[in-house]
Structures are given as C-alpha cells and as structure tokens.
Amino acid sequence: MLWIVMIVLLVVFDQLSKQYVRDNLQLFQQNTVINDFFHITHVENTGAAFGMLKNARLFLISLTIIAAAVLIYIMITNRSKLMRLSISFILAGAFGNLIDRVFRGTVTDFLDFDVWIWKDYPVFNIADVCVNIGAGLLFIYLIFIYKEPKTAEEKQKPEAAEVVPGDGGNGE
C-alpha cells in the first residue's frame, strides 16, 4: 500500500508542476532561477527521452502500458524493498508522462540545466527525474544485492567429488 501512495504522490507532484509551467510560461519562455546554471524553460516534447521517437505517440503509449504491466507484476512478486522502491519511482515517472501523452499529445518539460558538462542538455521534468532515480536504484539492486536463485536441478545435484592430484580424477 505504501508503494501505491508513493506513486500517486509523485504523479500528482509531476502533474501539478507541469500544469504550473503551462499556466505561467509561454511555450519556449525561459525563466532564470540560478544564473548560468538552472532555468525553468517551457518545452513540449512529442517524443521520448532526448527527443527520440518524435511523433510516435501511440507507440510510446503502448510501450508504457506494457512496461508498466511488467513492472507491476515484478513489484508484486518481488519482496525486496529496494526493488519495490526503484519500481515505484519508475512507475511514477512512466505514469506522469503517460498522462501527458494520452490527454495532451505531448509531454511538458521544464527543468533546464546549463552547466559546463551539460551544455545544451535536454530539458526534462519531474517524471523523468523519477525514472532516472528508479533506474539508478534498480542498477544498485541488480549489481550489489540481487542473487540469482538456485535452480531445483542445482539444489538436488550432489557436490562434485573432490579430485586428488595425481590420481587421474577417478578416485582410485
């Protein structure tokens, strides 16, 4: 239940932030928050991350629904709190952008960083941040925590006989 509340709160925060930008900034208008570093810039994205798959709305909607169904199944069947946390972030981001694609046809982006290493970095939104946090947590889980379950065959297989050097491996 906690995971559902978290997802809903993140989606609401994402949608409210996008609505605020649409209500208060003209398309392509940029407001400087921190000079030469951070701006709020109103952009409408018809594609996916980094502007890929422009105008592929139906494909992106379908892909999001399928991916969300798979992630929900994994979340239900996996008991790891870190796995569930990562999936919650990913689902919140996916649903946030899905709402935009379904009801508006485009995704509202507005977080615009301009730093020496991020010159011309694409503008993004809270949903994108959620997906990236979730992906980072999932990476940590898969690399450092996840252990491949032993198969039934491996559990029943007797330990390999110890080979004594010089006996040819036949134990005689």
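No value in this document is a laboratory result; all are computed from the given coordinates. No experiment lies behind these values; they were computed from the predicted model shown. All Cβ positions, even for glycine, are placed from backbone atoms using ideal geometry, and neighbour counts span all protein chains on display.
Given the criterion free of Cβ contacts under 8 Å to residues at least 24 places away in the same chain, surrounded by fewer than 21 Cβ atoms within 10 Å (Cβ to Cβ), assigned to a helix (DSSP H, G or I) and not aromatic (Phe, Trp, Tyr), identify the matching residue among Ile99, Ile65, Ile61, Ile74.
Criteria check complete, one pass: Ile74.
Looking for whichever is assigned to a helix (DSSP H, G or I), over 30 Å from Tyr146 (Cα atoms) and more than 17 Å from the chain's Cα centre (by Cα) here; the options are Asp36, Asp23. Which one fits? Walk me through how you get there before you give the answer.
Numbers: Asp36 fails: assigned to a helix (DSSP H, G or I).
Answer to the check: Asp23.
Being in a helix (DSSP H, G or I) and surrounded by fewer than 18 Cβ atoms within 10 Å (Cβ to Cβ) is the filter here, so list the residues in region 114-143 that pass it.
Hits for region 114-143 are Trp116, Ile117, Trp118, Val129, Asn132, Ala135, Gly136, Phe139, Ile140, Leu142, Ile143.
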